[in-house]
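The numbers here are math on the coordinates, done by the rules we state, and not lab data. Note that this is a predicted model, so its numbers are computed, not measured. Positions of Cβ are backbone-derived with ideal geometry, glycine not excepted, and every protein chain shown enters the neighbour counts.
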Amino acid sequence: MKKVLFLVLSVSLAAFLLSSCADTTQVQDTTPDTPTVKADTGGDDMAVRAINNQVKGFAIDGFAGAKATINKNEDLENMKRIVALVKPIIDKIPDGYVMQITGHAADYPTPALQRSVSVARAKKIYDELRKAGVPASKMTYKGVGISEPREGYSPKDFAQRRVSFKAVKK
């Protein structure tokens, strides 16, 4: 319950930050017959930073062993909840950026297995977001195996079996 409350508060805060960061400033030249020009205030970079701060804590875990399946009802509900939270965030990503969905794996016997499992996990969430109506042009996915481990956990720990999110340039 605390996770849900934290996620709801995080989404609300990020939405507020995005709406306040996206403003542009009007600059007027005093020369006669010069049109008003909107100055770029770096709103895209600020928006992307706000998005990444918002999704930083989002991780879909509960993947079974060396698979891309989620079996427990609790973990399936968590996945659905995070997909529902991420979808409107992706809609706010500025042009030129995409939401990168990154699959992670625990320390399996071979790097090839780690990579294939992590790619399959990222694609699973990518497919769920596509089913939820997110355009393919706003997302990308990749697998990183165990190369980006979750801090504070053993490389073999089940907590390494997850999917994370980050807005990146196309």
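Using a simple charge model, +1 on the beta-carbon of Lys and Arg, -1 on the beta-carbon of Asp and Glu, nothing else, what dipole does the stretch 41-170 show about its Cα centre, in debye to the nearest 20?
Details: 23 positive and 14 negative charges, 57 e Å.
Dipole magnitude for the stretch 41-170 comes out near 280 debye.
Would you mind getting me the FRET efficiency between K72 and Y153? Use the beta-carbon distance for r and R0 = 25 Å, nearest 0.05. Display every interim value, and only then the final one.
On the way: r = 19 Å, r/R0 = 0.76.
About 0.85, to the nearest 0.05.
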